[in-house]
Amino acid sequence: MANINYKLLVLFIAVFVVIAFFAVDYDLYHASKPECIEINNYCKVSDNDLLKNGSNAIYFITWDKSPIGAADSWAMYELLLRHGININNPYFDNSTSLLQWPGTPALIFNSSYTFTYDKIKVEFYPEYIYNDISNNSNCISSGLNRLKSMVPESIYNVVKTYTTDVLISGTHYTSANFSAIPHINTVIIITGKYGSYIYNGYIIDPDDFINSTSHSTYSPEYVFNLTRNNDFEAANVATASIQSYLAKVI
């Protein structure tokens, strides 16, 4: 029997493990990265759990006065309601007048929540990276710096890639540079054992909050009660879509 050089064997195994690790890491952050992303739609970003611990989570990355974050907050609220989470002392706000859809009503989440979907635990993390934005050139970098201190690195990397690197389909702009004031825009990340998705853009059209008769914007209190009574159809549709993608990954 030929002699086995155990030192070389151990070295070979160690090199193989390192290569395999970086191959998985590359696949997670680079291989699935497209040249462009379709706005207001889901995009698969990984076949894996971004958190790398087998947990299931929804990250709602937004900011206090975002018009898209304001609109989407009602889908998040409807999702929590459907799974037994009630918010009894809500904090309301309206979106900034500096961007499109000024005065969009918002529900601000002051904590994370845990709910059960199909008997599986899901964590909901609302992350607010700005109080407001102003017309300066530092909103993107300051938003990324703030985000990096708030979420796991894997979540940060996906948000950075799909808002600042990848172009919106049919344009020459990233989503962070698409508005009048460049900034890290609202996105939703859904991650679980069987993959991860990002939703870039609004999941509820902010125009849905404008009264067609008076052309005034509904108050947050009105939308809160509408949603709580399950009478806000846009929130129902948006929540159903979130649940369908959650079902894909858990």
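For the reader, a short list of remarks on this structure follows.
- Counting residues in segment 227-238 that are farther than 11 Å from GLU78 by Cα, touching a helix residue (DSSP H, G or I) at 6+ places or on another chain (Cβ under 9 Å) and among the aromatic types (Phe, Trp, Tyr) gives zero.
- Residues of segment 150-171 classified as without any contact (Cβ under 8 Å) to a residue 40 or more places away in the chain and either in contact with a helix residue (DSSP H, G or I) (Cβ under 9 Å, 6 or more places away or on another chain) or within 13 Å of TRP63 (Cα to Cα) (or both), total: 5
- Failed item in (1) part of a loop (DSSP other than H, G, I, E, B); (2) open to solvent by 60 Å² or more (accessible area, probe 1.4 Å), with ILE204 passing the rest: (2)
- Residue list for segment 112-124, filter: more than 16 Å from the chain's Cα centre (by Cα) and of a type outside the set (Val, Ile, Thr): PHE115, TYR117, ASP118, LYS119, LYS121
- Filtered residues of segment 172-190 (kept if among the hydroxyl-bearing types (Ser, Thr, Tyr), assigned to a loop (DSSP other than H, G, I, E, B) and touching a residue at least 40 places away in the same chain (Cβ under 8 Å)): SER179, THR186
- Taken together, the residues in segment 158-171 that are over 26 Å from ASN110 (Cβ atoms) and in a helix (DSSP H, G or I) amount to 4.
- Residue within segment 211-226 that is more than 26 Å from PRO90 (Cα to Cα) and open to solvent by less than 10 Å² (accessible area, probe 1.4 Å) present: no
The values are calculated or read from the model by the stated rules, or taken from the named source; none is laboratory data. Just so it is clear, the model here is predicted, and its values are computed rather than measured. When we count neighbours, we look across all protein chains shown, and the Cβ atoms used for this are built from the backbone with ideal geometry, even at glycine. Protein only, heavy atoms only, side chains kept; ligands, DNA and RNA dropped before computing areas. Shrake-Rupley method; radii C 1.70, N 1.55, O 1.52, S 1.80 Å.
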